[in-house]
Each structure stands twice: as C-alpha cells, then as structure tokens.
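Some notes on the structure that comes next.
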Amino acid sequence: MCAWHDMAGSFRAISLRLAALIALAPALAAPANAARLESRYTSIANSDCVIAPPLDEEVEEQSKTCLGPAGISVVVNGLGTSVQIALTWDETNADGAPSVVEAWSAGEKIEWRGPVVSGVFKAEAAIVRMLFPKEGTPDVGHQVLAIIRVEYGEACLLGAVDIGANKNGYQLARSAADNASQFQCDRDSAVAIGKKTEWTRRVIEASGG
C-alpha cells in the first residue's frame, strides 16, 4: 500500500513539473532580447506645429512642421482640397521631403509604434487618421488609418485600414504596425488591411501604391 502511494505521489509530481514546463514553453521560445513594442503620441494640430508663411498669398496652401519622436519631423502640406504628410529627419530639407500619404484631411495626432532600445524609443511605424468628406458636404464622412513604415531617413505607406468598415480597425492597424520591421519600402507594396473599400484604395493609390 505504501509503495502504491509512493508511485502515485511520484506520478503527480512528474505531472506537475510537465504542466509547469508546458506553461513556460512560450516564454522559453521567445528570444531573450525581444523588445516589447510601445506607443508614443505626437500632435500635428496647428497649435503644436510651426506654420510656414505662404509662398503665394493667392494660392490656398499651408505648410507646417511638427515634432515627432527621436529626431523625426512631420511635414503637413495643405494644398487646396488635399493634405499630404511627409516625414523628415534631422538633416533632411523639409521642402524636399516626398509625400507618404494623402487625403482630403487628417487627424490631429500620430501614434508611433516601436521598441525602446537602451532607454531610447525607436519608431518603426506610424499610424495617422486620413479623412474624406461625406458626399456633398464639408463634414468628415470616411476615416482610414494609414500605417507608415518608418526607417531612419525613409518612410512609405505599409497599409490602410477603413475604420468604418472594420470594428477592430485600431487593433488591425497596431498589429500591422508591430510587424513593420518585415516590410521593405523598396520591395513591398501597401495593401488594404481588413476589408478593402473605396477609401483604402484612394489612400493606397495616392501614395503611389
């Protein structure tokens, strides 16, 4: 009887150890140096940016430069009925920065996603709301989250998510942003993430995709 109890106890102990190892398996499989991705937010509202004086008083045009993370600046150009967004770095001339994304208007903040390396946040992607008007009105009718791949000195559109067509639009956008390091601007093309719509198509086509 005692031997049976001893065997049963040993079996339970082995089972508990196996269960603990199975529970730890995901952590053991993860790279030891894997960095957790975080968000940082910056504003592109007029009050938080430097607005350049118009080059021509007769042309409806406005350009402003807004501070981003870690030496990145966001250049927002309003050209009549469209807004273009570009990214520049410390040594880049803002006037010559190529547009990354374009729409009728844009939201007032940018969410940046990336790891913190040696205490410094490194942006690998940016998410910004691009807006289109409700048909026949000056009101916002359609909103698309543009996901921008960010590397030092280079930025391009990675994907677009229609908020109205996808209930989990922000989750889809962040998931795409968190895999941005796998996207190469000179090789890969931007895609609609979630449901494809007229508005994701417009954002992608305006970016040259």
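For the stretch 127-138, check the following and say yes or no: at least one residue is in contact with an Asp or Glu (Cβ under 8 Å, 6 or more places away or on another chain) and either more than 19 Å from Ser207 (Cβ to Cβ) or surrounded by fewer than 19 Cβ atoms within 10 Å (Cβ to Cβ) (or both). Yes, some residue in the stretch 127-138 is in contact with an Asp or Glu (Cβ under 8 Å, 6 or more places away or on another chain) and either more than 19 Å from Ser207 (Cβ to Cβ) or surrounded by fewer than 19 Cβ atoms within 10 Å (Cβ to Cβ) (or both).
Screening the stretch 84-95 for residues that are part of a strand (DSSP E or B) and touching a residue at least 40 places away in the same chain (Cβ under 8 Å) and picking the one that is farthest from Ser207 (Cα to Cα) gives Leu87. Inclusion of Pro98 among residues that are without any contact (Cβ under 8 Å) to a residue 40 or more places away in the chain, more than 17 Å from Gly68 (Cβ to Cβ) and not in a strand (DSSP E or B) is not warranted.
Comparison of Ala155, Ala192, Ala165 shows that the only residue that is within 24 Å of Trp89 (Cβ to Cβ) and of a type outside the set (Ser, Thr, Tyr) is Ala155. Search the stretch 101-122 for residues being under 12 Å from Ile147 (Cβ atoms) and among the hydrophobic types (A, V, I, L, M, F, W, C), and hand back the single one that is nearest to the chain's Cα centre (by Cα). So the residue we want is Trp112. The residues of the stretch 152-169 that are modelled with pLDDT of 95 or more and closer than 18 Å to Gly209 by Cα, listed by number, are Ala155, Cys156, Leu157, Leu158, Gly159, Ala160, Val161, Asp162.
Each residue in the stretch 144-155 was checked for being crowded, with 19+ Cβ neighbours inside 10 Å and in contact (Cβ under 8 Å) with a residue 40 or more places away in the chain, and 6 of them qualify.
Pick from the stretch 156-209 the residues that are in contact (Cβ under 8 Å) with a residue 60 or more places away in the chain and more than 11 Å from the chain's Cα centre (by Cα): which of them is surrounded by the most Cβ atoms within 10 Å (Cβ to Cβ)? The extreme case among them is Val203.
The values are calculated or read from the model by the stated rules, or taken from the named source; none is laboratory data. Everything numeric in this text was worked out from a predicted model, so none of it was measured. Heads up, the Cβs are rebuilt from the backbone with ideal geometry, glycines too, and the neighbour counts pull from every protein chain shown.
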